[in-house]
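Enquirer: One structure follows; several queries about it will come next.
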Amino acid sequence: MATVGIPKFIGAEVKRREDPALVRGQGNYVSDISLDGMLQMVILRSPVGHAKIESIETGKAAALAGVHAVWTAEDVSKHCDKPIPMVVDMDAFFSEYQTTERFLLTSGEVLYVGDPIALVVADDLATGLAALEEIEVEYNDLPVTVGIEESLASGAPTACESYTSNQAFYSTKDVGDVDKVFSEADVVVDVRVDNQRLIPSAIEPRAVVAKYDGETSEYTLWSTTQMPHLLRGEVAPLLGVDDDKLRVIAPDVGGGFGAKANVYQEEILAPIMAKALGRPVRWVASRQEDNTATVHGRAHVDYMSFAASKDGRIQGVKFSMYADVGARYTRMTPLIPPLAMWMSTGSYDVQTLRYEIIGVFTNTVTTEAYRGAGRPEAIHIVERTVDKLAHTLGLDPTEVRRKNFIQPDQFPYDTPSGMRYDSGEYERAMDKALELVDYKALRQRQEEQRKAGGPLMGIGVSTYIEICGFGPHEYANVTVGKDGSVTVLTGSSPHGQGHITTWSQLAADTLQVPIEKITVKHGDTGVVPDGVGTFGSRSAPVGGVAVFNSAKAVAEKAGKVAAHLLEAAADDVVLEDGSFHVSGVPQRTIPWDQVIEAANSGSLPDDVDCDLSSEDVFTVEPQCETFPFGCHVCIVQIDPETGLLTIERYVTVDDCGPVINPIIVDGQVHGGLVQGLSQALFEDAIYDDDGNLLTSSFMNYALPRTQMLPHFETNRTETPTPNNPLGIKGIGEAATIGSTPAVVNAAVDAVSHLGITHLDMPLTPERLWRAIQDA
Ligand code: MCN
């Protein structure tokens, strides 16, 4: 078939199709699932940061009415004695490393507050919680280590008795003659960033429901997961069954932000208990439990140095990152620091790099992927160091950026960290942002305001880049039914990103049918045969492309059926507005209905493929990820009397290639900004020296409320990637990555005339007030 008509939906502001049900409370979340005879599981977690378990006495708990099981690690090990596997090939990333083992329940030595040590299954939650109180555990305290620098200091206790030190892993590499470049440079600037630990705070805490069918020996597992197919592949072996005996369903999921792209103990414990007790089992984390026992993010201390010429050209970069990995690895923990390393040189043309990655064990919950995962850490320090260089040389920060940007004709661009950037027009995005805020006028106003005294005005710019669209692949199937309905199966499993809407847009345009005809099914391994999941802003550039390819293949097949009916060559047939015609002869059309009828009639010749269904597995070839980018500008006012920072204006120009749905992309940018700004200004997960998480509830962990954030002005440029047929890049994490340095650069800019050159996050009034007082 030669052509498909003009797209109506791709690029249009189609309202989110998934929202009416969700806002009316008609969503179906894991904790809404109620099965006959369902029991409730609760977990006993270590209340101490590091200790030997001397004994666990479960008799009293087990004797309570309504309690069906009280199991410790020993009981569980009779059903599964394997640790939950980690998926990172350590040899590929590190020259030195230690391994860790994560069992379903911990025995012997607990390593953090929240470590799971026993479970209770009871008739209901209240009985389960009462039983937890009756379990008697004798702990023998061991020394606790918390904090990156403290844990690496000589003489620090190890986070686990079997660890040889608290250095979890190490790697370093020089690209180019780093020492020479640094010794000969006009100027060297150094920045140290404490990129604080964060708690990924999805609206819905983690939850699991499991059932076991004794007749078919099949498990069904409902989970708040971002990756049902990967979960099935990793949980089935732990249950001792083949994949086809485990159906994983992710119903509506209330956010994840990377923390639900993991495999957690409860996802194996619940099915084990369901089989053992012959009744369905549910586990739902309380908020405090979720904050304590679901992975955290960031927790880095990073160092960056630039060697540069006096006119501001960056000649070399040194990047040392110290990543607090927590007490033991979960699924992908050691992969997050390399993700930061990959972005070591940001959007700048520099080929000399030394990086150093140091993982650090501490007696805290594991750190893992959290919106941006590694890229926010890298871009924050890169963008801070660019500003420091500009400040040191007395240059405007935007000029230093301009001088160093990779230019459009340099793509594909190979970075010294091993990335192949696909496409970009970094200067264009920055120019657009600067124009929107009238940068020159702002600088003038700042000068006037400084002279006048009063609030301190700061202007912060960040020109970020990130990597997304990771492989290995994503699955889609598009089928046109006999009744003209279209079913899209997708392996991407959304948890707020609006795939039902955007995949409908892609299919509706490619098939030229009304969007209402399209149903998107996801998140159920019993319905969708293959999939990877939703993380790393991979869905649009991988899963969306698979949907587009499948729909296109179906349109091609339908075009051949129409060609037969039109007695024309298939290449001459055009699909437009729901019907087919011969190019240049729009008078005679064959509507979809007629094509569907003919395809299902059994009367067409054998060489016409009448199966109006097609599946696609879009595979990401090596070095074919996509690299979204953009420019954020933040204008702040700081009250010197109180240290209170107010964001006066926040403007973004993001580039994720062609946009499927501007409302959804704006929504993703808004959500990303909230999380990035919130790291810059409010959030901080704090452990005390005994390993207690002091910020385990929203009473003391500062999630922002809407009135604490500014109005966001979003804008875009559009630079397609050559790495997929739609040219699209991801957008889910971009704003989180771009925003923290814009805010901190603005804050430092506001006080730079006082001699302040650095501020750590979060920029609390107290921290700012003290810095101003000290200056
Ligand atoms: N999109 C588009 N045009 C583009 C790019 C994307 O219209 N050029 C649309 C996509 O079709 C999709 C949405 O934007 O509907 C996000 O797409 P993408 O950037 O591919 O990201 P993913 O769908 O893979 O989502 C993952 C990403 C990540 S990694 C985190 S973390 C995150 C985020 O999405 N967590 C979220 N956004 C979230 N949003 C909500 N509500 N909840 C979370 O937990």
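Enquirer: Being away from the ligand (no atom under 16 Å from the Cβ), among the polar types (S, T, N, Q), surrounded by fewer than 24 Cβ atoms within 10 Å (Cβ to Cβ) and at pLDDT 95 or above narrows it down to one of 398, 385, 362, so name that one. Can you show your working first?
Expert: Numbers: 385 fails: surrounded by fewer than 24 Cβ atoms within 10 Å (Cβ to Cβ); 362 fails: surrounded by fewer than 24 Cβ atoms within 10 Å (Cβ to Cβ).
Being away from the ligand (no atom under 16 Å from the Cβ), among the polar types (S, T, N, Q), surrounded by fewer than 24 Cβ atoms within 10 Å (Cβ to Cβ) and at pLDDT 95 or above holds for just one of 398, 385, 362, which is 398.
Enquirer: Return yes or no: is residue 383 acidic (Asp, Glu), in a helix (DSSP H, G or I) and in contact (Cβ under 8 Å) with a residue 40 or more places away in the chain?
Expert: Criteria met by residue 383.
Enquirer: While we're here: Take residue 48 and tell me if it is open to solvent by 30 Å² or more (accessible area, probe 1.4 Å) and among the β-branched types (Val, Ile, Thr).
Expert: yes
Enquirer: Determine whether residue 263 is touching a strand residue (DSSP E or B) at 6+ places or on another chain (Cβ under 9 Å) and under 26 Å from residue 369 (Cα atoms).
Expert: Values: touching a strand residue (DSSP E or B) at 6+ places or on another chain (Cβ under 9 Å): no; under 26 Å from residue 369 (Cα atoms): yes.
It is false that residue 263 is touching a strand residue (DSSP E or B) at 6+ places or on another chain (Cβ under 9 Å) and under 26 Å from residue 369 (Cα atoms).
Enquirer: Only one of 473, 499 is within 13 Å of the ligand (Cβ to nearest atom) and either closer than 15 Å to residue 660 by Cβ or in contact with a Gly (Cβ under 9 Å, 6 or more places away or on another chain) (or both). Can you tell me which?
Expert: The match here is 499.
Enquirer: Let me ask you something else. State all residues of segment 263-284 that are under 19 Å from residue 103 (Cα atoms) and outside any helix (DSSP H, G or I); if no residue qualifies, say none.
Expert: If the condition is that a residue be under 19 Å from residue 103 (Cα atoms) and outside any helix (DSSP H, G or I), then 263, 264, 265, 283 are the ones that fit.
Enquirer: Among (1) under 24 Å from residue 373 (Cα atoms); (2) within 16 Å of the ligand (Cβ to nearest atom), there is one condition residue 764 misses while meeting the rest; what is its number?
Expert: So the condition that residue 764 fails would be (2).
Enquirer: Do you know which of the residues in segment 655-673 that are assigned to a loop (DSSP other than H, G, I, E, B) and surrounded by fewer than 24 Cβ atoms within 10 Å (Cβ to Cβ) is nearest to the ligand (Cβ to nearest atom)?
Expert: Here the answer is 659.
Enquirer: Tell me which of these residue 378 doesn't satisfy, since it passes every other one: (1) within 16 Å of the ligand (Cβ to nearest atom); (2) touching a strand residue (DSSP E or B) at 6+ places or on another chain (Cβ under 6 Å); (3) part of a helix (DSSP H, G or I).
Expert: Of the numbered conditions (1) within 16 Å of the ligand (Cβ to nearest atom); (2) touching a strand residue (DSSP E or B) at 6+ places or on another chain (Cβ under 6 Å); (3) part of a helix (DSSP H, G or I), the odd one out for residue 378 is (2).
Enquirer: Would you check which residues across segment 263-315 are of a type in the set (S, T, N, Q) and under 29 Å from residue 87 (Cα atoms) and list them? Before you say what the answer is, go through the steps one by one.
Expert: Our first condition is that a residue be of a type in the set (S, T, N, Q); within segment 263-315, this holds for 265, 286, 288, 291-292, 294, 305, 309, 315.
Matches in segment 263-315: 265, 286, 288, 291, 292, 294.
Enquirer: Which count do you get for residues in segment 674-701 that are hydrophobic (A, V, I, L, M, F, W, C) and open to solvent by less than 40 Å² (accessible area, probe 1.4 Å)?
Expert: Summing the residues that are hydrophobic (A, V, I, L, M, F, W, C) and open to solvent by less than 40 Å² (accessible area, probe 1.4 Å) in segment 674-701 gives 5.
Enquirer: May I pose another question? Given the conditions (1) over 13 Å from residue 262 (Cβ atoms); (2) touching a Leu at 6+ places or on another chain (Cβ under 8 Å), report the number of the one that residue 313 does not fulfil.
Expert: (2)
Enquirer: Counting only residues that are open to solvent by 50 Å² or more (accessible area, probe 1.4 Å), polar (S, T, N, Q) and touching an Asp or Glu at 6+ places or on another chain (Cβ under 9 Å), how many does segment 599-622 have?
Expert: Residues meeting the conditions: 1.
Enquirer: Against the condition away from the ligand (no atom under 16 Å from the Cβ) and either of a type in the set (S, T, N, Q) or within 21 Å of residue 226 (Cβ to Cβ) (or both), how does residue 534 come out, does it pass? Full working, then the answer.
Expert: Values: away from the ligand (no atom under 16 Å from the Cβ): no; either of a type in the set (S, T, N, Q) or within 21 Å of residue 226 (Cβ to Cβ) (or both): yes.
Spelling it out, it is not the case that residue 534 is away from the ligand (no atom under 16 Å from the Cβ) and either of a type in the set (S, T, N, Q) or within 21 Å of residue 226 (Cβ to Cβ) (or both).
Enquirer: Against the definition (within 16 Å of the ligand (Cβ to nearest atom), aromatic (Phe, Trp, Tyr), crowded, with 17+ Cβ neighbours inside 10 Å and closer than 30 Å to residue 751 by Cβ), how does residue 629 come out, yes or no?
Expert: yes
Enquirer: Applying the selection to segment 80-98, what residues are open to solvent by 90 Å² or more (accessible area, probe 1.4 Å), in contact with a strand residue (DSSP E or B) (Cβ under 9 Å, 6 or more places away or on another chain) and either closer than 27 Å to residue 118 by Cα or assigned to a helix (DSSP H, G or I) (or both)?
Expert: 91
Enquirer: Among the residues that make up segment 505-512, is at least one of them within 13 Å of the ligand (Cβ to nearest atom) and at pLDDT below 95?
Expert: No, segment 505-512 has no match at all.
Enquirer: Looking only at segment 207-242, which residues are of a type in the set (Gly, Ala, Ser), touching a residue at least 12 places away in the same chain (Cβ under 8 Å) and surrounded by fewer than 19 Cβ atoms within 10 Å (Cβ to Cβ)?
Expert: The answer is 214, 217, 240.
Enquirer: Related question: Does segment 336-346 contain at least one residue that is under 16 Å from residue 147 (Cα atoms) and out of contact with any Ser or Thr (no Cβ under 6 Å at 6 or more places or on another chain)?
Expert: There is no residue in segment 336-346 that is under 16 Å from residue 147 (Cα atoms) and out of contact with any Ser or Thr (no Cβ under 6 Å at 6 or more places or on another chain).
Enquirer: Can I ask one more? Considering only segment 725-761, state which residues are closer than 21 Å to residue 455 by Cα, part of a helix (DSSP H, G or I) and among the small types (Gly, Ala, Ser).
Expert: 742, 746, 747, 750, 752
Enquirer: Further, regarding this structure: Across segment 246-259, which residue is farthest from the ligand (Cβ to nearest atom) among those that are assigned to a loop (DSSP other than H, G, I, E, B), open to solvent by 10 Å² or more (accessible area, probe 1.4 Å) and at negative phi?
Expert: Among those residues, the one meeting the criterion is 251.
Enquirer: Read through the list (1) closer than 21 Å to residue 28 by Cα; (2) hydrophobic (A, V, I, L, M, F, W, C); (3) more than 16 Å from the ligand (Cβ to nearest atom), then give the number of the only condition that residue 565 fails.
Expert: If we test residue 565 against (1) closer than 21 Å to residue 28 by Cα; (2) hydrophobic (A, V, I, L, M, F, W, C); (3) more than 16 Å from the ligand (Cβ to nearest atom), just (1) comes out false.
Enquirer: Name the one entry in 188, 181 that is open to solvent by 30 Å² or more (accessible area, probe 1.4 Å) and in a helix (DSSP H, G or I).
Expert: Only one candidate passes the filter, namely 181.
Enquirer: Only one residue in 62, 69, 118 is small (Gly, Ala, Ser) and part of a helix (DSSP H, G or I), so which one is that?
Expert: Unique residue meeting the criteria: 62.
Enquirer: Next question, about the same structure. Would you check which residues across segment 512-553 are open to solvent by 10 Å² or more (accessible area, probe 1.4 Å), aliphatic (A, V, I, L, M) and part of a helix (DSSP H, G or I) and list them?
Expert: Result: 515, 540, 553.
Enquirer: Sort out which residues of segment 214-242 are part of a loop (DSSP other than H, G, I, E, B) and either closer than 12 Å to residue 525 by Cα or touching a Leu at 6+ places or on another chain (Cβ under 9 Å) (or both), and write them in order of number. Spell out the reasoning first.
Expert: Here is the first cut: in segment 214-242, the ones part of a loop (DSSP other than H, G, I, E, B) are 214-217, 224-227, 240-242.
Within segment 214-242, 225, 227 qualify.
Enquirer: Counting only residues that are in a loop (DSSP other than H, G, I, E, B) and open to solvent by 80 Å² or more (accessible area, probe 1.4 Å), which one in segment 702-724 is farthest from residue 198 (Cα to Cα)?
Expert: 722
The values are calculated or read from the model by the stated rules, or taken from the named source; none is laboratory data. Only a predicted model underlies this, so the values are computations on that prediction, with no experimental measurement involved. Positions of Cβ are generated from backbone atoms using ideal geometry, with glycine treated the same way; all protein chains shown enter the neighbour counts. Just the protein is used for accessible areas: all its heavy atoms, side chains included, with ligands, DNA and RNA removed. Shrake-Rupley method; radii C 1.70, N 1.55, O 1.52, S 1.80 Å.
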